[in-house]
Amino acid sequence: MEVINDIYIDDAVYISETQDKDIVYGKKNIIDLYHKFFAKIKRKNAKIEIDFRVAIRQSSADQSTDIGYYLVRFHPGKESGEPVSEFAGKFVTVSRRTAEGKWKISVDSNTRSKPEFYYRAKPMPNWYYGKQFIQQSTEQPK
């Protein structure tokens, strides 16, 4: 939670992919949202891995917009007997340079998409390009 607290400005806005959720205003409310999400994962004795691939960047001296894809791997608790699953989406983040010179997120928005978009994203020089995930085979053993 400390990392999340450090990456958002105080008046940040979060727009979730969930159709039944309102826009979340303010860092405290965003942190509360993440806290509930991670608490749910912990209760299930589960683990998640998340990675991002930036596909487009627009930047100026004090503001930067990153657009790309994310992938989440969900590892359920062993006692569940469920397999590892993954879901993906597209994101847009707008970051601003603070008076202290740190880059912090002011707008965070995401929507769901097919995992293959994440896997097909091409690396761009000097932009973050997650490499921790290798596409899982969808073929069934013969």
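The values are calculated or read from the model by the stated rules, or taken from the named source; none is laboratory data. For clarity, every value in this text was computed on a predicted model and none was experimentally measured. When we count neighbours, we look across all protein chains shown, and the Cβ atoms used for this are built from the backbone with ideal geometry, even at glycine. Accessible surface areas use protein heavy atoms only, side chains included; no ligands, DNA or RNA. Shrake-Rupley method; radii C 1.70, N 1.55, O 1.52, S 1.80 Å.
Of Lys40/Lys122; Lys40/Lys114; Lys28/Lys114; Lys90/Lys131, which sit over 22 Å apart, Cα to Cα?
Going by Cα-Cα distance, Lys40/Lys122; Lys40/Lys114; Lys28/Lys114 fall outside the 22 Å limit.
Using a 1.4 Å probe on the protein chains only, how many percent of the accessible area of the chain belongs to carbon and sulfur?
53
Charges at C-beta only: +1 for Lys and Arg, -1 for Asp and Glu. How large is the resulting dipole of the range 14-117 about its Cα centre, in Debye rounded to 20?
Around 280 debye, computed over the range 14-117.
What relative contact order, as a whole-number percentage, does the range 7-121 give when Cα pairs under 8 Å and 6 or more residues apart are counted?
Averaging sequence separation for qualifying contacts and normalising by length gives 27 percent for the range 7-121.
Tell me which residues come under 5 Å, amide H to amide H, from Ala46 once H is placed; ignore anything under 5 positions away on its chain.
Hits under the 5 Å cutoff: Gly77.
Placing +1 on the Cβ of each Lys and Arg and -1 on the Cβ of each Asp and Glu in the chain, which of Ser60, Pro83, Tyr119 has its Cα farthest towards the positive end of the resulting dipole?
So the residue we want is Pro83.
Would you work out the relative contact order for the range 46-101, in percent, from Cα pairs under 8 angstrom that are 6 or more residues apart?
35
For P(r) over Cα pairs in 10 Å bins from 0, in percent, the listed values are (1) 12, 35, 29, 15, 6, 2; (2) 9, 24, 20, 17, 13, 10, 7, 1; (3) 11, 34, 37, 14, 3, 0; which was obtained by calculation from the structure presented?
Read-out from the structure maps to (3).
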